[in-house]
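The values are calculated or read from the model by the stated rules, or taken from the named source; none is laboratory data. Computed from a predicted structure; not experimentally measured. When we count neighbours, we look across all protein chains shown, and the Cβ atoms used for this are built from the backbone with ideal geometry, even at glycine. Heavy atoms of the whole protein, side chains included, go into the accessibility calculation; ligands, DNA and RNA do not. Shrake-Rupley method; radii C 1.70, N 1.55, O 1.52, S 1.80 Å.
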Amino acid sequence: MSTDQKGPNIGIRHLQALLLFLAIVVNYTARLSVSVAIVAMTDAATTNLDFPEYDWTGAQQSYVLSSFYWGYIVTQFPAGFLVRRFGAKTILLIPTVGTAFLSGLTPYCVAWGGWKAFSVIRFVEGLFQGLIFPCIHEHLAKWSPPEDRNRLGAFAYSGADCGSVLAMASSGLIANSGMGWPGIFYVSTGTCGIWCLLWVILGANNAPSSRLIGDREKEHIERSMKRPEGFHAQNIPIPWRAIWTSVPFYALLIVRGAQGWANSTMQLQTPSYMHGVLEMDIKSNALYSALPFLAMWGMSYVYLAFADIAMSRNWMTLTMLRKLINTVSYWGPAAALIGIGFLDKNQTSLAIALMTINAGLNAGSGIGSILTIIDMSPNHSGMLMAIVNGIGNIFPLLTPLLVGVIVTDQGSRSQWQIVFAMTAIVFFFGNLVYLIWGTTDQQAWDAEDYLKTRDPGCIRIDHRMNLKPMADTKPKEVIKAT
């Protein structure tokens, strides 16, 4: 294929992926920096003594950490409808503006209402940020030709790893600076505000609506996705019954739920584990807490390079590639977590090394299973992501509370062993389900005219069991759609 047919090697589709990357970075930094901030807020001796210290119990700190996810799951499902109706350009702006505003208010609200006010702020911030990932997925589906999907999708989602690194590495430094722990929230306000300005100027819902894109790239994107004239003005009905009777869809729910459990344990509890068991002060705690996420960020590009080579040389099918990468990303960390639980303050270096390896291996989950949603259904990817992310994030809502019950003594290695072992078990079984029932095949129910042209009787086989329609029920249009 010529360069003209393929479109420019670097274009506006790459700019959109960069904007999505930055959106995740600034919102993740605001979301995750609280895990370091809360250590500084409850132990001022390790940071800047000029700022207030709060005597919150472990359970109260767990309420603060989990409250974000109570709000986060509420708006996942509505986000799927909103982004279909208004587009990512409008909807993705809302959570970032909201996060900027709430981050700036946090120090004042905590001074007034303590941990309860902090929990309310985090709950509302979760409501806003619940809109983000359905928008990310919808936007990627609009802008990513199939041959660019791994590259653009993995790069955009690597923003989560970059945001985690910045949250862990910078928060401790800020807390130790003249700004103290309130500075953590003020910096988040500034970075979110800058992104909003860039998004308003450079973002676009799709290629035809972009002011910046050239005709060659626009035609390449629309042609590669087989979109007819006027496609983006359509309102494609959602085949709810087919989705909820699709076995691969349930495999995605389970595997992403396992990832949600593991993420919340590692992202939110790592600083507490390092401070309690490894007895690290807040500054080194934050820097070393960032190492696993730095490994994730770097390894995400290693996985991406492997995926590009494997697909270009036809080493395996796309389904096999995603399952292989996901297996390394889940079962490797499961083994590392078991090992971490047996280490104490005399083996700090080994504990940090295992946590770094754990996180680095897990970086492949984006290519391994998140992008499978777009493979299965590019036309409904935003709504599917809303469902998968909403249900999957019930676990992050519960795990901080569960950790608060199990870990009554932050310095108890045996209590942390239980936490890590449970996470390893979740990792193992989540991936096992995906290996058996997951697929990247585009589903029949993704067709634009699926609800208009199919024979209702076909749902007995082709959508419940994910097989092709029976020969004696084959209107020509249905066979074409499958």
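If only residues of the range 339-367 that are among the β-branched types (Val, Ile, Thr) and in contact with a Phe, Trp or Tyr (Cβ under 7 Å, 6 or more places away or on another chain) are counted, the one that is surrounded by the fewest Cβ atoms within 10 Å (Cβ to Cβ) is ILE352.
The listed residues are ALA353, ALA363, and the only one of them that is under 21 Å from LEU435 (Cα atoms) and among the small types (Gly, Ala, Ser) turns out to be ALA363.
Looking across the range 171-204, the residues that are open to solvent by 40 Å² or more (accessible area, probe 1.4 Å), assigned to a helix (DSSP H, G or I), under 22 Å from THR42 (Cβ atoms) and not hydroxyl-bearing (Ser, Thr, Tyr) come down to LEU173, ASN176, VAL187.
Anything in the range 188-207 that is within 22 Å of the chain's Cα centre (by Cα) and among the aliphatic types (A, V, I, L, M)? List them, or say none. Once the filter is applied, which keeps residues that are within 22 Å of the chain's Cα centre (by Cα) and among the aliphatic types (A, V, I, L, M), the range 188-207 yields ILE194, LEU198, ALA204.
Restricted to the range 1-13, and to residues there that are closer than 26 Å to TRP195 by Cα and surrounded by fewer than 17 Cβ atoms within 10 Å (Cβ to Cβ), the residue that is modelled with the highest pLDDT is ILE10. Identify all residues within the range 120-133 that are over 17 Å from ALA23 (Cα atoms) and open to solvent by less than 20 Å² (accessible area, probe 1.4 Å); write none if there are none. Hits for the range 120-133 are ILE121, ARG122.
Matching residues to (1) modelled with pLDDT of 70 or more; (2) surrounded by 14 or more Cβ atoms within 10 Å (Cβ to Cβ); (3) within 25 Å of ASN362 (Cα to Cα):
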| site | (1), (2), (3) |
| --- | --- |
| GLY404 | yes, yes, yes |
| ARG413 | yes, yes, yes |
| ILE425 | yes, yes, yes |
| GLN442 | yes, yes, no |
| LEU467 | no, no, no |
| LYS474 | no, yes, no |
| VAL478 | no, yes, no |
| THR482 | no, yes, no |
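Each residue in the range 134-149 was checked for being assigned to a helix (DSSP H, G or I) and open to solvent by less than 20 Å² (accessible area, probe 1.4 Å), and 10 pass.
Can you confirm whether the range 122-133 contains a residue that is assigned to a loop (DSSP other than H, G, I, E, B), within 23 Å of TYR69 (Cβ to Cβ) and within 21 Å of the chain's Cα centre (by Cα)?
Yes, the range 122-133 contains a residue that is assigned to a loop (DSSP other than H, G, I, E, B), within 23 Å of TYR69 (Cβ to Cβ) and within 21 Å of the chain's Cα centre (by Cα).
Among the residues of the range 95-115, those that are aliphatic (A, V, I, L, M) and surrounded by fewer than 19 Cβ atoms within 10 Å (Cβ to Cβ) comprise VAL97, LEU105, ALA111. It is to be established whether one or more residues within the range 48-63 are out of contact with any Cys (no Cβ under 9 Å at 6 or more places or on another chain), modelled with pLDDT of 85 or more, part of a helix (DSSP H, G or I) and not aromatic (Phe, Trp, Tyr). No: zero hits. Quick check, is ASP375 open to solvent by less than 30 Å² (accessible area, probe 1.4 Å) and of a type in the set (Asp, Glu)? It is true that ASP375 is open to solvent by less than 30 Å² (accessible area, probe 1.4 Å) and of a type in the set (Asp, Glu).
Considering only residues that are open to solvent by 10 Å² or more (accessible area, probe 1.4 Å), under 14 Å from ALA30 (Cβ atoms) and more than 15 Å from the chain's Cα centre (by Cα), which ones fall in the range 150-170? Matches in the range 150-170: LEU166, SER170.
Figure legend. Inter-residue proximity from the range 331-347: first residues free of Cβ contacts under 8 Å to residues at least 24 places away in the same chain and more than 22 Å from TRP261 (Cβ to Cβ), second residues in a helix (DSSP H, G or I) and of a type in the set (Gly, Ala, Ser), beta-carbon distance below 9 Å, spacing 6+ or different chains. No pairs are indicated.
Report whether or not GLY230 is among the small types (Gly, Ala, Ser) and modelled with pLDDT under 70. Here the answer is yes, as GLY230 does meet what is asked.
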